[in-house]
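A short worksheet on the structure shown next.
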Amino acid sequence: AQKITQTQPGMFVQEKEAVTLDCTYDTSDPSYGLFWYKQPSSGEMIFLIYQGSYDQQNATEGRYSLNFQKARKSANLVISASQLGDSAMYFCAMREGPGTYKYIFGTGTRLKVLA
Amino acid sequence: DTAVSQTPKYLVTQMGNDKSIKCEQNLGHDTMYWYKQDSKKFLKIMFSYNNKELIINETVPNRFSPKSPDKAHLNLHINSLELGDSAVYFCASSQALTSGRRRDEQYFGPGTRLTVT
C-alpha cells in the first residue's frame, strides 16, 4: 500500500489565488512527521513546512499552511496568494516514528501558476 | 555558504564504467542520505547514515556502495554502470528530533544528474 498518496499529478492556479495540494498518508505509528518540499524546474529540493503528529495546531510558514486532519490522515498544503515563482513540483513526505530516519515521498504534484 | 554540496553536478559516462559522487554538509547534522530521482520525478531513498553508521539500505544493487569517512561527508560509488542507473542523485542531511529540536526536515544538495550511455 502507498504510504504517501498525492492524487493530483498536475494543477493550475491563477496568480494571486489560493491553491490546495492534496496529500494523504498511511501509518499505524502514533508518532510521525509530515513535510512538504518544493522542486522548481532548476531541480533543487526546498523544504517548505513541517507538521508533527502531536502538534495541536496546523503549521504555517508565510504563505504556506498545512491543513492537518489527523483522523482522515490528510496533510494538504495550502498556498495563499499564488505567485508565478510558485510554479514547481511539490512533494509530500512522511517520516514514521521519532528516530527511523526513513522519509517516504509521494509522487508529487506539478503546479503551474497562470498570469 | 552552501549547506549541502555535491560534486559533480553532471556526470555522463558509458555503461560498465565506475563513478563516484561526493557529498558534504556543513550543517553539523548527524544523518546523511542518498536518494535517487527517476525520470518520472519519483524520489526514493537509497541509503542513510547516522554518525558514520549505515542505518538504511533500501534494496539497492550492491554495485552501489556508500562511504562515510566522517559525519560531514557521504560519498556514493557506483560500479559497472548500467543504463537504468541514469537518474538524478540527491544527497541530503538532517538532525534528529530532540527536546530542543522540534522538527527534522531534510536539507538537500543540488543533485547530480547521471547519464549512462
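Values as computed for the structure displayed
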read-out	value
Whole-Hz couplings from phi, Karplus 6.51/-1.76/1.60, listed for the stretch B:13-19; x for Gly and Pro	8, 9, 3, x, 6, 10, 9
Distance in nm between pseudo-label sites at B:Glu82 and A:Phe12 (7 Å out along the Cβ direction from Cα)	4.1 nm
Residues whose placed amide H lies under 5 Å from that of A:Gln8, excluding near-sequence neighbours	A:Asp22
Candidate residues A:Ser65, A:Ser82: accessible-area rank, largest first, probe 1.4 Å	A:Ser65, A:Ser82
Probe 1.4 Å, protein heavy atoms only - accessible area per residue of chain B in square angstrom	51 Å²
In Hz, Karplus ³J(HN,Hα) per residue of the stretch A:53-67 (6.51, -1.76, 1.60; θ = phi - 60°; x = Gly, Pro)	5, 9, 5, 6, 9, 5, 6, 9, 9, x, 7, 9, 9, 10, 8
Test item: B:66-77 mean partner chain Cβ contacts at 10 Å	0
Relative contact order [Cα under 8 Å, 6+ residues apart], chain A, whole percent	37 percent
Value of relative contact order over chain B, rounded to a whole percent, pairs C-alpha under 8 Å and six or more apart	36 percent
Label zone at B:Asp30, where the point sits 7 Å out along the Cα-to-Cβ direction: the stretch B:65-87 residues whose backbone N lies under 19 Å	B:68-74
Two-site label geometry, B:Met15 and B:Thr117: point separation in nm, points 7 Å out along Cα→Cβ	1.4 nm
Förster radius 22 Å - calculated FRET efficiency between A:Asn67 and A:Ala115, Cβ distance, rounded to 0.05	0.25
Accessible surface of B:Leu27 - all protein chains present, 1.4 Å probe, nearest 10 Å²	70 Å²
Amide H within-cut-off set for B:Asp30, under 5 Å, with H built and near neighbours excluded	B:Ser94, B:Ala96
Per-residue SASA entry for A:Phe12, accessible area with 1.4 Å probe, Å² rounded to 10	150 Å²
Inter-chain Cβ neighbour average for residues B:102-114, partner chain, 10 Å	5
Neighbourhood net charge (15 Å Cβ-Cβ; Lys/Arg +1, Asp/Glu -1) for B:Val60	+1
Heavy atoms of A:Arg110 accessible to a 1.4 Å probe, total area in Å² rounded to 10	120 Å²
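The values are calculated or read from the model by the stated rules, or taken from the named source; none is laboratory data. From a predicted model like this one, the values you see are computed outputs, not experimental measurements. Don't worry about glycine lacking a Cβ; one is built from the backbone with ideal geometry, like all the others, and counts go over all protein chains shown. Just so you know, the surface numbers come from the protein's heavy atoms only, side chains and all, with ligands and any DNA or RNA stripped out. Shrake-Rupley method; radii C 1.70, N 1.55, O 1.52, S 1.80 Å.
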